[in-house]
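Below: one structure, written as structure tokens.
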Amino acid sequence: MKIHKEGLVTILIISVFILVADYFAIRFIPNRPIIYAILVASFLFYMFIRYFFRIPNRQSIEDVLGLISPCDGKVVVIEDVFENDFLQAECKQISIFMSPFDVHMNWFPVSGKIVHTIRSKGSHVVAWAPKSSTHNERSTVIIETDDHKKIVVRQIAGAVARRVVCYAKEGEYAPQNGHLGFIKFGSRVDLFIPNEYEIKVELDQKVIGSQTIIARLKK
């Protein structure tokens, strides 16, 4: 199982902590069943952390008229909104919640020029709450497609997630399904999509990053 580079330091720190904890448990706890329970629990915790930072082995799909899911997770919001910060227009908001068991890599949903990136500090409200989109720590990327449609992608930290990693750089060209970034632990990704796109997902639907078509440009 390949490990994402954002997890290497975390895994190293946790490994050292587990080894120290297991040493003291073996050294100072006389009760064997308790020692065995601690060893099993520490091993399972270590394996979960490795699993969380995994890089999935999957073949990405491409769709020049489509918008591909930027992450794994469950669709928790589909609604009409007025995006006041960047699009200055009525559009569709699609929000995808990632549980700690989902892959936390993020992908570019469309190909296009990265015209703007901004990182905003904030609180850590639970990621499925509506106000997390504007109150939590977040990274916002605006992509202009080859046919001049602007898409807003927003990575949002949650109550557990404390770090959003975004690799997008202004002026560069983002390939569809290219590596956008990573969010550590429970989190959320919001998409703001022009009304020229037809939504192809439903509420509570499970989506897969770089695999599921979220929307497609109307003909």
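What whole-number value in cubic angstrom gives the convex hull volume per residue for the C-alpha atoms of the chain?
127 Å³
What is the local net charge at G171, summed over the other residues whose Cβ is closer than 12 Å to its Cβ (Lys, Arg +1; Asp, Glu -1)?
Net of charged neighbours comes to -1.
Any idea what the relative contact order of the range 172-219 is, in percent, if you count C-alpha pairs under 8 Å spaced at least 6 apart?
In percent, rounded to a whole number, it is 37.
Would you tally the net charge around S42, using a Cβ to Cβ cut-off of less than 14 Å, leaving S42 out, and scoring K and R as +1, D and E as -1?
Once positives and negatives cancel, what remains is 0.
In degrees, nearest 10, range 0 to 90: what is the angle between the Cα axis of helix 8-28 and the longest Cα principal axis of the chain?
For helix 8-28, the angle is close to 20 degrees.
Evaluate E = 1/(1 + (r/R0)^6) for E172 and S120, where r is the Cβ-Cβ distance and R0 equals 22 Å; express this FRET efficiency to the nearest 0.05.
Approximately 0.60, to the nearest 0.05.
State the extension gain, in nm to one decimal, for the chain segment bounded by F24 and A37, taking 0.36 nm per residue of separation less the distance between their alpha-carbons.
Working it through step by step, the gained length comes to 3.3 nm.
Mind ranking 174-183, 36-45, 109-118 by how tightly packed they are, going by the mean number of other C-beta atoms within 10 angstrom, highest first?
174-183, 109-118, 36-45
Comparing I35, I96, I49, which has the greatest mean-square fluctuation in the GNM of the chain with Cα pairs linked when under 10 Å apart?
Looking only at I35, I96, I49, the largest GNM fluctuation is found for I35.
Near K149, which lysines are there with a Cα under 17 Å away, not counting those fewer than 8 places off in the same chain?
Straight-line reach from K149, under 17 Å: K92, K113, K218, K219.
Which residue fluctuates the most in the chain, going by a Gaussian network model with Cα springs under 10 Å, if the choices are P194, P30, P100?
P30
Would you list which lysines come within 19 Å of K184, measuring only between C-alpha atoms, while excluding same-chain residues fewer than 8 positions from it?
Cross-link targets: K2, K5, K74, K121.
So which residue, out of N195, N31, N57, gets the largest mean-square fluctuation from a GNM of the chain using Cα contacts under 10 Å as springs?
N31
Using a 10 Å Cβ count of at most 13 others and DSSP loop calls, identify the longest part of the chain lacking such GluC sites (Glu not before Pro).
Of all site-free stretches, the longest is 63-169.
Between the range 88-112 and the range 144-210, how many Å separate their Cα centres?
The two parts, judged by their Cα centres, are 3 Å apart.
Report the calculated FRET efficiency for Q88 and K206 (r = Cβ-Cβ distance, R0 = 30 Å), to the nearest 0.05.
0.40
When the helices in the chain are scored as -39500 (n - 2.57) per DSSP H run of 4 or longer and the sum is shared across all residues, what 222 nm value do you end up with, to the nearest 500 deg cm²/dmol?
Using -39500 (n - 2.57) per qualifying helix, the result is -7000 deg cm²/dmol.
Taking R0 as 45 Å, what FRET efficiency do you get between E144 and M47 from their Cβ-Cβ distance, rounded to the nearest 0.05?
That pair, E144 with M47, gives E of 0.60.
Bear in mind that the values in this text are calculations on the coordinates, not laboratory data. Just so it is clear, the model here is predicted, and its values are computed rather than measured. Methodologically, a virtual Cβ is constructed for each residue, glycine included, from the backbone with ideal geometry; neighbour enumeration extends over all protein chains shown.
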